[in-house]
Amino acid sequence: MKILVLNSGSSSVKYQLFSSRDWSCLAAGAVMRIGEPAGQISARWTDAGGDHQRRDDDLAIPDHRTGLTQIFATLHDSGVLTDLGDLGAIGHRVVHGGEVFHCPTIIDDEVIEVIEAMVPLAPLHNPAHLAGIRVARALCPDVPSVAVFDTAFHLTMPRTAYRYALPEYLYKEHRVRRYGFHGTSHHYVAKQAATWLGKPLLQCNLITLHLGNGASATAIRNGHSVDTSMGLTPLEGLVMGTRSGDLDPAILFYLSKQLGLDLEALDDLLNRRSGLLGLCGVNDMREIHRLADHGDDGAELAIGVFCHRLTKYIGAYCALLGRVDALVFTGGIGENDADVRARACAGLENLGMRIDPAANRSEADGTRVISTPDSPVKLLVIPTNEELEIARQVHETLI
Ligand code: ADP
């Protein structure tokens, strides 16, 4: 079966086409700058001779319908999808499934209505996903569409972890609780870790760290998420590229009174001007290391605050779990940044985490262990692959 995975944003749609025969990726790409005067489509695929091909075109993409039509045309022209009838399913990444969607769900009109009802909880993401879902269903009415939710993996959290210490009506009437995000990534690396450990996921206790532009930590007991660092929105928790993560909520009242900032300005401040960017003016961790190496104190501080917060969460999740089989690093920073990994684990020997400096510095690809052989907790680096996980979950849902 060929499965197309779509990640529809407000101004872009990313795609990957998988074959369920061997889970190879047949094609990938994106349409970008939807709605802007100058759009772009980029595509990569493997041709019939096994050679890798690439094509980038500039063209205006006024809306999601044009974008998806272009994606299907590119898949057709490159020969990877000769007929839309060849497509077994389309998987859609959906950020927010609220408390409703515990698992991947075949999309029908009713499901669309429920995703729509989640829009207030994810105003930037869910409307864009819905645009992609509606167009895909219109263009391929005979192909089943399946929604895979970022929040679903975390719905196993106990209420002691997901409730805020706020009046009950805010939860009951306004759905104010912790949901967590990056669930597909945490689930994928947890499965990979279980395979590496050689035991069923349902017997594994893990701490998974997804460290990219967005960053989150998850505590997994017996294969289930029991706590995660993101909350009602992806703003809570770890320090991120441009998001503050945890802070004293009273800062908002203070800034409102002292600087007269309104809600929009505060939202912009915390989501787009804070985190690493706020601390040192740059949000790309590679560049921050370059600056720190040249003596930039702000960059050094940014790395320090990022790692301090990370260590706190690792310690907290060790306390929650009691026994930890493995700590897993993933995401652009988690997979590539040996310095952050070393700093995050520094001083955690008493918690059973002994990093091997040479293994940590190795630039090997794929799943690798970076702890010493005698480390009670295994420290693993596992490249994430959310699109592949979505494709697999779609397949499991349909067969
Ligand atoms: P997203 O959350 O947008 O998917 P990624 O997972 O690609 O983001 O992670 C982006 C982050 O990873 C950026 O801060 C980038 O600087 C960082 N990163 C990527 N490669 C490296 C590297 N070799 N060393 C340190 N940081 C890296």
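The values are calculated or read from the model by the stated rules, or taken from the named source; none is laboratory data. Nothing here was measured: the structure is a model prediction, and the numbers come from that model. Note that each Cβ is placed from the backbone with ideal geometry, even for glycine, and that neighbours are counted across all protein chains shown. Quick note on the areas: whole protein, heavy atoms, side chains included, nothing else; ligands and nucleic acids left out. Shrake-Rupley method; radii C 1.70, N 1.55, O 1.52, S 1.80 Å.
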Here is a list: Ala359, Ala326. Which entry is open to solvent by less than 20 Å² (accessible area, probe 1.4 Å) and not acidic (Asp, Glu)?
Ala326
One residue is enough: does region 165-173 have a residue meeting the conditions modelled with pLDDT of 95 or more, touching a strand residue (DSSP E or B) at 6+ places or on another chain (Cβ under 9 Å) and not basic (Lys, Arg)?
no
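Okay, residues lined up against (1) in contact with a Pro (Cβ under 9 Å, 6 or more places away or on another chain); (2) at pLDDT 95 or above; (3) open to solvent by less than 40 Å² (accessible area, probe 1.4 Å):
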| residue | (1), (2), (3) |
| --- | --- |
| Gly88 | yes, yes, yes |
| Val100 | no, yes, no |
| Cys103 | no, yes, no |
| Ile107 | yes, yes, yes |
| Val111 | no, yes, yes |
| Ile115 | no, yes, yes |
| Leu121 | no, no, yes |
Within region 243-272, how many residues turn out to be within 16 Å of the ligand (Cβ to nearest atom) and out of contact with any helix residue (DSSP H, G or I) (no Cβ under 7 Å at 6 or more places or on another chain)?
2
Check whether at least one residue in region 90-112 is farther than 30 Å from Leu155 by Cα, in contact (Cβ under 8 Å) with a residue 40 or more places away in the chain, touching a helix residue (DSSP H, G or I) at 6+ places or on another chain (Cβ under 6 Å) and assigned to a loop (DSSP other than H, G, I, E, B), and report yes or no.
no
Given (1) farther than 27 Å from Asp22 by Cα; (2) within 16 Å of the ligand (Cβ to nearest atom); (3) of a type in the set (S, T, N, Q), number of the condition Thr330 does not satisfy:
(1)
Is it the case, given these coordinates, that Tyr164 is open to solvent by 50 Å² or more (accessible area, probe 1.4 Å) and not aliphatic (A, V, I, L, M)?
yes
Residue among Gly278, Gly245 that is touching a strand residue (DSSP E or B) at 6+ places or on another chain (Cβ under 9 Å) and either in contact (Cβ under 8 Å) with a residue 24 or more places away in the chain or of a type in the set (Ser, Thr, Tyr) (or both):
Gly245
Filtered residues of region 281-315 (kept if in contact (Cβ under 8 Å) with a residue 12 or more places away in the chain and hydrophobic (A, V, I, L, M, F, W, C))
Val282, Met285, Ile288, Ala299, Leu301, Ala302, Ile303, Val305, Phe306, Cys307, Leu310, Ile314
Selection status of Ala338, open to solvent by less than 50 Å² (accessible area, probe 1.4 Å), touching a Cys at 6+ places or on another chain (Cβ under 8 Å) and within 16 Å of the ligand (Cβ to nearest atom):
no
Please go through region 341-354 and pick out each residue that is more than 16 Å from the ligand (Cβ to nearest atom), surrounded by fewer than 21 Cβ atoms within 10 Å (Cβ to Cβ) and aliphatic (A, V, I, L, M).
Ala346, Leu348, Leu351
Tabulated pairs, region 328-340, first of a type in the set (Asp, Glu) and at pLDDT 95 or above, second open to solvent by 10 Å² or more (accessible area, probe 1.4 Å) and more than 8 Å from the ligand (Cβ to nearest atom), C-beta under 7 angstrom, 6+ apart or interchain:
Glu335/Pro383
Could you list, in sequence order, all residues of region 276-323 that are within 11 Å of the ligand (Cβ to nearest atom), out of contact with any helix residue (DSSP H, G or I) (no Cβ under 6 Å at 6 or more places or on another chain) and open to solvent by 10 Å² or more (accessible area, probe 1.4 Å)?
Leu277, Asp284, Arg286, Glu287, His289, Arg290
For Asp374, state whether it is open to solvent by 50 Å² or more (accessible area, probe 1.4 Å) and within 16 Å of the ligand (Cβ to nearest atom).
no
